[in-house]
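FYI, it's all coordinate maths here, none of it is from the lab. Predicted model, so just to flag it, every value in this text is computed and none were measured. Ideal geometry is used to build each Cβ from the backbone, glycine not excepted, and the neighbour counts take in all protein chains shown.
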């Protein structure tokens, strides 16, 4: 039985996060220093310091590494509030891919790896990237198609060669997690393995920074060539051949935290559209009193509350120790489409205002479209859910 009563300490933290975003982060939005890809690194570090002073930096990681050790339910409450501003997750250092990478490293990395690679990221001073996705013909929605390969050398180290693309946060990242199909010295395919390395290591070459429709990711999305990247045996994350298993450790919760943050952004759009519907008059009354607008607001509230309940259910399942693979697929599928509907309706309600930069709604509308693609497109999640339904 799920207890829907929010513990007092989590309610206080949720409210404190909401106040932090409202009072310290939203006022900075008109003064954002950014390029096409998102806030500049200098501005990001300033935002991080604000969250550090507020005691809200990396709240999802353990206290050992400077966080608050939140449960998944706790993250659901706090991350939604952070997403109310597109700068909120950046300030609290819980944006993708860093949030998921920190979770993965806490779960899988050795003590020495945590000190070398995790601690700099949890400090907020460094960013990380996760290199799994490849161009057409390689690993994407079907990771078994991975072409990047790591070949074991005589001394037990590895040489990695391949091409990765749509790698988020690449520019300026300090830590990299690389996924590659691994071959031993006899040429036997051992399966996919994850490796840890410094992001500026010789052999990691950024070939192109892609011009994408979203512009909220610090460091953008890049095409990266792995050209004879050398990593020692101690850089293997977890076990050789365990890459796909560890990917689920990362991706299941990460899909859910995406849902949490984007729900906050959708709620921001809804609040802006609701206020506009109260104050904008047409045909003799506020437009919100016309059914055409009022019904859209009602549908927004229904989509958001259904999303919130689904997120909390999945978070609760994760807190019980399950990987919640099916539940997280359902959440990613439903919430990505429901929040997109909410933001789309808000643009429509705002009319001409909605297509201008007068509010953040246009930016969120442009940014949220990608949510239905990354971490598994809706079609792949439907396929996975249907497959499990048929197999029983």
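Tabulated results
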quantity	calculated
Relative contact order for the chain, counting Cα pairs under 8 Å that sit 6 or more residues apart, in percent	15
Beta bridges by DSSP in the chain, antiparallel share as percent, to the nearest 5	80
Cα-based convex hull volume of the range 244-391 per residue, rounded to whole Å³	110
Likely footprinting exposure, 330, 179, fewest C-beta neighbours within 10 Å first	330, 179
Inter-probe distance in nm under a simple model that places probes 7 Å from Cα toward Cβ, at residue 125 and residue 62	2.2
Relative contact order of the range 249-392, pairs being alpha-carbon contacts under 8 Å that are 6 or more residues apart, as %	31
Identified option (computed percent of Cα pairs over 28 Å apart; candidates [x] 41; [y] 60; [z] 47)	[z]
Rg(Cα)/(2.2 N^0.38 Å) for the range 268-315, N = residue count	1.40
Geometric extent, Cα atoms of the range 1-92 - Rg, Dmax (angstrom)	13.9, 47
Stokes-Einstein translational diffusion, the range 128-240 - Kirkwood Rh over all Cα pairs, 1.567 mPa s, 4 °C, in µm²/s	92
Exposure proxy order (Cβ contacts within 10 Å, fewest to most) of 178, 347, 61	347, 61, 178
Relative contact order (percent, whole number), the range 8-95, Cα cutoff 8 Å, 6+ residue spacing	35
Anisotropy class of the range 324-392 from Cα gyration tensor, a/c 1.5 cut	prolate
Sequence of 60, 281 once ranked by neighbouring C-beta atoms within 10 Å, starting from the fewest	281, 60
Calculated [θ] (222 nm, deg cm²/dmol) that DSSP helices of n ≥ 4 give over the chain, each run adding -39,500 (n - 2.57)	-14500 deg cm²/dmol
